[in-house]
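Shown next, in structure tokens, is the structure this report addresses.
The values are calculated or read from the model by the stated rules, or taken from the named source; none is laboratory data. Quantities reported herein were computed from a predicted structural model and do not represent experimental measurements. Don't worry about glycine lacking a Cβ; one is built from the backbone with ideal geometry, like all the others, and counts go over all protein chains shown. Quick note on the areas: whole protein, heavy atoms, side chains included, nothing else; ligands and nucleic acids left out. Shrake-Rupley method; radii C 1.70, N 1.55, O 1.52, S 1.80 Å.
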Amino acid sequence: MYSLLSRLLHEMEERRPAVLVSIAAENGSAPRGVGSQMLVNETGRISGTIGGGRLEKRSEETALALIAERRSLMKHFGLDLSGGPDSLGMACGGDVTVLFQFIPWDDGAWWELACAATEALRENRPGWLVLRTDGGTPALLDGTGAAVLGTAPAGAPPVRAALLGDRLCLPLPVGARVVIFGAGHIARALAPLLRTINFRPVVFDDRPEYADPAAFPEAEAVICGDFRNIQASIDVTPEDYVVIMTSGHLHDLEAEEQMLRRKTAYVGVIGSRSKIAYVSQRLREAGISEDAIASVHTPIGTPIRAVTPEEIAVSIAGELIYERACRRDAAGEKASKE
């Protein structure tokens, strides 16, 4: 959403109208979930995606027509082979409802909202973008559901993207934080990759020459701290993902023991089988439960026979994507949305 709203601001600065295209509802099998978005200007799609294929093509054509007509629209599409007027001739078998929000380049309310929303996303502040199905003035809510701009709908916001009456409520996609213990070659490959898949990397090391912010421009923070007392430098929360790959067995053990004494979303540790056995035994001696030890993803990453730092970073990123999707499924949230 950040790149999409940033592009919208650019279009408005260039005095070009646009249409914000959002999946508002779905039923059955569909390429993307509720909340997936793309932006269309007079030349076609310029940012985002709602799933590609015929749905995206037809939606792009609809958006182009609406720019010429200067109006918004809600439209239903059948992702089937029925041959009906709304059928796209697709074999998915489901259907979707798409909201087409026309945005004039000189719309002050949209300009203010897009500026405020991109600022919130830059600062990782949760909130909600609320679109009206009639194309009226949108609203921006904070994480509690209180209105920052516009008018908040009645009741608390939903737990995930949803169409509630004449309002489409979309959470600001503040990515999950990944705390990387160890600032070596793999961390340097992993941090920028995590940014591209909507994670927020934080890098922690005890060596000042490695804990260098200039080496990790994509990181949310780079911390030089003591592996024996991690909490003194960073508060790791139950929503954080933890990746442990320090400069040696001792620091790995110190970080892993501290992380297993608290609740986190994920703990992954790099290492060979012999190292895993050694560390696991030391953790048992330190009083860490067998269930906690068994919860650790080690060797870290999906088994793609990765060798280079870049390949290992891809394998770690793949495992994090999977674990995030599992958490979304457990919460009843579509993993396919942006």
Can you name every residue in region 35-65 that is under 20 Å from Leu9 (Cβ atoms) and either assigned to a helix (DSSP H, G or I) or in contact with a Gly (Cβ under 6 Å, 6 or more places away or on another chain) (or both)? Gln37, Met38, Leu39, Ala63
Consider region 103-135. How many of its residues are over 20 Å from the mean Cα position of the chain (by Cα) and open to solvent by 20 Å² or more (accessible area, probe 1.4 Å)? 12
How many of the residues in region 161-208 are within 20 Å of the chain's Cα centre (by Cα), of a type in the set (Val, Ile, Thr) and farther than 28 Å from Val98 by Cα? 5
Matching residues, region 1-34, being open to solvent by 20 Å² or more (accessible area, probe 1.4 Å), outside any helix (DSSP H, G or I) and not hydrophobic (A, V, I, L, M, F, W, C): Glu14, Arg15, Arg16, Glu26, Asn27, Gly28, Ser29, Pro31, Arg32
Residues within region 282-298 that are more than 17 Å from His251 (Cβ to Cβ) and open to solvent by 70 Å² or more (accessible area, probe 1.4 Å), tallied: 5
If I ask for residues that are among the acidic types (Asp, Glu) and over 16 Å from Arg7 (Cα atoms), which ones from region 99-131 would you list? Glu123
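Yes or no, residue by residue, for (1) surrounded by 13 or more Cβ atoms within 10 Å (Cβ to Cβ); (2) among the hydrophobic types (A, V, I, L, M, F, W, C); (3) at pLDDT below 95:
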residue: Ile244; (1), (2), (3): yes, yes, no
residue: Ser247; (1), (2), (3): yes, no, yes
residue: Gln258; (1), (2), (3): yes, no, no
residue: Lys275; (1), (2), (3): yes, no, yes
residue: Ser315; (1), (2), (3): yes, no, no
With respect to Asp166, determine if the residue is of a type outside the set (S, T, N, Q), open to solvent by less than 40 Å² (accessible area, probe 1.4 Å) and either under 18 Å from Val267 (Cα atoms) or in contact with a Pro (Cβ under 9 Å, 6 or more places away or on another chain) (or both). no
Scanning region 35-60 for residues that are in contact with a helix residue (DSSP H, G or I) (Cβ under 8 Å, 6 or more places away or on another chain) and aliphatic (A, V, I, L, M), the one surrounded by the fewest Cβ atoms within 10 Å (Cβ to Cβ) turns out to be Ile46
